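What follows is one structure encoded as structure tokens, with my remarks underneath.
The values are calculated or read from the model by the stated rules, or taken from the named source; none is laboratory data. Only a predicted model underlies this, so the values are computations on that prediction, with no experimental measurement involved. Because the Cβ atoms are built from the backbone with ideal geometry, glycine has one as well, and the counts that use them run over all protein chains shown.
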Amino acid sequence: MTTIPFTPNNSASPPFQAVVTLDGSSYSISTMWNIYRSDWYIQLRDQSGNLVVNQPLIGSPPSSDIPLFPGTFMTSTILYRVATQQFEIT
């Protein structure tokens, strides 16, 4: 498992960005604050910059896993753990 701390920077655009490997390919994840909903949205882009998914950032509690992109990948998962404020990639 790989962990990436979720440390948004409000003066950066986007406030958070990281490159992750899912099913053997590199993807870029980024987050933006949605003023209307008052929460974070996460975007997943492929190596060419094409948008794969744009959705609310759903957090997983300590006792269960809520994958961020269910059905998108065959072997990899990514989730956001609220308690530790980290992304977990397996």
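Comparison of 73, 87 shows that the only residue that is assigned to a loop (DSSP other than H, G, I, E, B) and aromatic (Phe, Trp, Tyr) is 73. I'd like to check something: does the stretch 43-60 contain any residue that is more than 17 Å from residue 17 (Cα to Cα), touching a strand residue (DSSP E or B) at 6+ places or on another chain (Cβ under 9 Å) and not small (Gly, Ala, Ser)? No, because not a single residue in the stretch 43-60 is more than 17 Å from residue 17 (Cα to Cα), touching a strand residue (DSSP E or B) at 6+ places or on another chain (Cβ under 9 Å) and not small (Gly, Ala, Ser). Close Cβ contacts (under 7 Å, 6 or more residues apart or on different chains) running from residues in the stretch 58-69 that are surrounded by fewer than 11 Cβ atoms within 10 Å (Cβ to Cβ) and modelled with pLDDT under 95 to residues that are assigned to a loop (DSSP other than H, G, I, E, B) and among the hydrophobic types (A, V, I, L, M, F, W, C) comprise 62/83. For residues that are surrounded by 11 or more Cβ atoms within 10 Å (Cβ to Cβ) and small (Gly, Ala, Ser), scanning just the stretch 1-25, find the one that is nearest to residue 50 (Cα to Cα). The extreme case among them is 25.
If you go through the stretch 26-51 and keep only what is aliphatic (A, V, I, L, M) and loosely packed, with under 15 Cβ neighbours inside 10 Å, you end up with 35, 51.
Let me spell it out: the conditions are (1) free of Cβ contacts under 8 Å to residues at least 60 places away in the same chain; (2) over 10 Å from the mean Cα position of the chain (by Cα), and residue 3 meets all of them except one. Which number is the exception? Unmet for residue 3, out of (1) free of Cβ contacts under 8 Å to residues at least 60 places away in the same chain; (2) over 10 Å from the mean Cα position of the chain (by Cα): (1).
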